[in-house]
1. Spot the failing condition for Ile77; the list is (1) touching a residue at least 12 places away in the same chain (Cβ under 8 Å); (2) more than 23 Å from Tyr324 (Cα to Cα); (3) of a type outside the set (D, E, K, R), and only one is missed.
2. Would you confirm, using the coordinates I've provided, whether Glu114 is surrounded by fewer than 21 Cβ atoms within 10 Å (Cβ to Cβ), within 16 Å of Thr153 (Cβ to Cβ) and either in the same structural domain as Pro259 (by TED's automatic domain parsing) or not β-branched (Val, Ile, Thr) (or both)?
3. Based on what the data block shows, is Phe211 assigned by TED's automatic domain parsing to the domain that holds Gln179 and of a type outside the set (Ser, Thr, Tyr)?
4. Within the range 248-271, work out how many residues are surrounded by 19 or more Cβ atoms within 10 Å (Cβ to Cβ), among the hydrophobic types (A, V, I, L, M, F, W, C) and assigned to a loop (DSSP other than H, G, I, E, B).
5. Which of the residues spanning the range 83-115 are among the hydrophobic types (A, V, I, L, M, F, W, C) and either assigned to a loop (DSSP other than H, G, I, E, B) or touching a strand residue (DSSP E or B) at 6+ places or on another chain (Cβ under 6 Å) (or both)?
6. Identify, by number, the condition in (1) over 21 Å from Gly191 (Cβ atoms); (2) in a loop (DSSP other than H, G, I, E, B) that Thr309 doesn't meet.
7. Scanning the range 277-320 for residues that are within 11 Å of Phe263 (Cα to Cα) and among the hydrophobic types (A, V, I, L, M, F, W, C), which turns out nearest to the chain's Cα centre (by Cα)?
8. With the requirement that a residue be over 23 Å from the mean Cα position of the chain (by Cα) and surrounded by 15 or more Cβ atoms within 10 Å (Cβ to Cβ), what does the range 22-77 give you?
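The values are calculated or read from the model by the stated rules, or taken from the named source; none is laboratory data. Everything quoted here is computed from the prediction, not taken from an experiment. Please note: Cβ atoms are built from the backbone with ideal geometry, for glycine as well, and neighbour counts cover all protein chains shown.
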Amino acid sequence: MRSKRSYPALVVVLCAIVMLSACAAATAIEEITFQSGDFTLAGDLQVPDGGGQHPVILMVHGDGGSDRYDWGKYRPIMVRFLRAGYAVFCWDKPGVGESTGALDRFTKSSQRAEILIDALERISQHPAVDRERIGLWGISQAGIVMPLALTMTDDIAFMIVASGPGMHTLDQGAYLEGQLHVCQGHSEEEGRFVEQYSAAAINTTSYEEYFESVTNLVQLGFRSEDSITPEDEWSPVRSRLPEVLFFNPIEVIEQTAIPVLAFFGELDKQVDPIQGAQAYEEALQKAGNQHSRVELLEGVNHVLVLARTGCLGEERPTVYPSRYLDLMEKWLEQLLDEPAGAGGGS
């Protein structure tokens, strides 16, 4: 068995290899700065070998602080995009690297969608970019951000979703809470109970249902008795939090005709991969989307890296399964054979 201490050295070697590959695949790397409201964003546009205009992929981060390469984890993915003939644009998140500003805790998804729209507008003006073929790749929280952006523009030509939720943000949080308990040694059944009762407490408009749900969590030992809000102090969660937290991306996917490729990791403990894959399958079928594909990848975690358990805190090197990278590259190459705009809008 490989010890955990060997991982950092392996990661350094892998990162060095992919950094060299990325440099070889891109003939030009240009830093681009753009404004979005009070935010100033800085990122890199990488252009593949060959002159003329290129289709471009805007890479959309998940939650948390990430720079324009997500500290190196995006580089193997970027190599495949460049090799398929696509330019790549990704930027430091607000407050990270050379980007300024701070995202609001509760409305960050809508703020990030606005940033994405402004990034699209900025990159569409670049002479090396084919503005009819601007697509998105995004992971985790980007599965909320990108569908929000689809409601704001018709200029997105295709989309790749990695571990995007098939439910609204707070229900996703309930799934995460349940899986955290499973990772702490509780049974899968207990984890499902935690998810069920947590989701019920979030979505109900009835104090009686709220009280029953939280009481069940207390009895199971997952909440303390003082966590129960008295009735005279209680109000439905939906009345207290921004509506964007209840935005369900599947309602947008049900109306999306652009090409969509969606990946889910079998061991994902943050976004329900089974529910997510099924929700995307059904939504794309409802949309009559003929340019879509949904893949559930075995043996990978939330960020689609090879893993043993998928639990948060599990130390794993950034090794993506070849199936994930190969499918994306092939899918993108096939898109180039279709006329620009063939997928339609949303």
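1. With respect to (1) touching a residue at least 12 places away in the same chain (Cβ under 8 Å); (2) more than 23 Å from Tyr324 (Cα to Cα); (3) of a type outside the set (D, E, K, R), Ile77 is out only on (2).
2. When the stated conditions are applied, Glu114 passes them.
3. Yes; evaluated as a whole, the condition is true for this residue.
4. 3
5. Residues satisfying the conditions are Ala84, Ala87, Val88, Phe89, Cys90, Trp91, Val96, Ala102, Leu103, Phe106, Ile115.
6. (1)
7. Val303
8. Ala25, Ala26, Val47, Pro48, Gln53, His54
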